[in-house]
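Trainee: Provided herewith is a single structure, encoded as structure tokens, for subsequent inquiry.
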Amino acid sequence: SPTTSRSATAAPTSPVSAALAADMGGGRLASDDDAAPDVVVVAAPPDVTADVITAELGRWPEATVTDVASVKNAVVVAVRELAGADAAARYVPGHPMAGRERSGAVAARSDLFEGRTWVVCPDGAEAERVRDVISLAESVGARVVTMAPEDHDTAVAAVSHVPQLAASLVAAQLRELSEPAVG
């Protein structure tokens, strides 16, 4: 069964969240007794994603490492700088275009990725590593699309970040209106 590895550079995992996820069938935290993983998936806040990826590349020198961050190019550049070209060749940037309005284990759904696009940015990664990540994405029902990290970031900004910003600006204006006006 898959495990989730922890990194010294990552924020500590909440014991309550980990226990809830395990109770729901979501795996468990890795232990020192576990066999090395074939693939490590990093799900960390964007400001520490590159650091966590770099730590996982060092911790698991044979594993393919991918992530699910919504930005790619800055992470790719940072990983290449921090990890070096050889280790960075085992990193395959990924971004499943799926999510929910809620987060954490209680928001988990077994069908979250079914029929959803999972962007893979093979730029500079070894072909075998790219196949590992594509296989992972397809195994959960995702439809894989490959693109350059810069193209991913441009597309996500246009279809996700800009509409979210616009919606937030509109919602902020609603605070000024009376309750009957918006009800």
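The values are calculated or read from the model by the stated rules, or taken from the named source; none is laboratory data. Keep in mind that this is a model prediction, so the values were computed, not measured. Ideal geometry is used to build each Cβ from the backbone, glycine not excepted, and the neighbour counts take in all protein chains shown. The accessibility values were calculated without ligands, DNA or RNA, using every heavy atom of the protein model including side chains. Shrake-Rupley method; radii C 1.70, N 1.55, O 1.52, S 1.80 Å.
Trainee: For the stretch 97-183, state the average projected area of the convex hull of the C-alpha atoms over all orientations, rounded to one decimal in nm².
Mentor: Convex hull of Cα atoms, orientation-averaged projection: 8.0 nm².
Trainee: What percentages make up the Cα-Cα pair-distance distribution of the stretch 70-137 when the bins are 10 Å wide from 0?
Mentor: 19, 42, 28, 11
Trainee: I've got another one for you. How about the stretch 43-135: which GluC sites (Glu not before Pro) there lie in a loop by DSSP and see at most 12 other Cβ atoms within 10 Å?
Mentor: Within the stretch 43-135, the qualifying GluC sites (Glu not before Pro) (loop, at most 12 other Cβ atoms within 10 Å) are Glu62, Glu101, Glu114.
Trainee: For a quick check: with amide H placed at 1.01 Å from N, whose amide H comes under 5 Å from Thr117's, ignoring anything fewer than 5 positions away on the same chain?
Mentor: Counting only residues 5 or more places away or on other chains, the set is Met97, Arg143.
Trainee: Additional query: Eigenvalues of the Cα gyration tensor times 5, then square-rooted: what semi-axes does that give for the chain, in whole angstrom, largest first?
Mentor: Each semi-axis is √(5λ); the values are 30, 21, 16 Å.
Trainee: To the nearest 20 Debye, how big is the dipole of the stretch 55-121 about its Cα centre, given +1 on the beta carbon of each Lys and Arg and -1 on that of each Asp and Glu?
Mentor: It comes to approximately 180 debye.
Trainee: Let me ask something else. Within the stretch 121-183, which trypsin sites (Lys or Arg not before Pro) sit in a loop by DSSP and count at most 11 neighbouring Cβ atoms inside 10 Å?
Mentor: Counting only loop positions with at most 11 other Cβ atoms within 10 Å, the trypsin sites (Lys or Arg not before Pro) in the stretch 121-183 are Arg175.
Trainee: Just the number, please: carbon plus sulfur as a percent of the accessible area of the chain, 1.4 Å probe, no ligands or DNA/RNA counted.
Mentor: 55 percent
Trainee: So, one more: Using the heavy atoms of the protein chains and a 1.4 angstrom probe, tell me the accessible area per residue for the chain in square angstrom.
Mentor: 59 Å²
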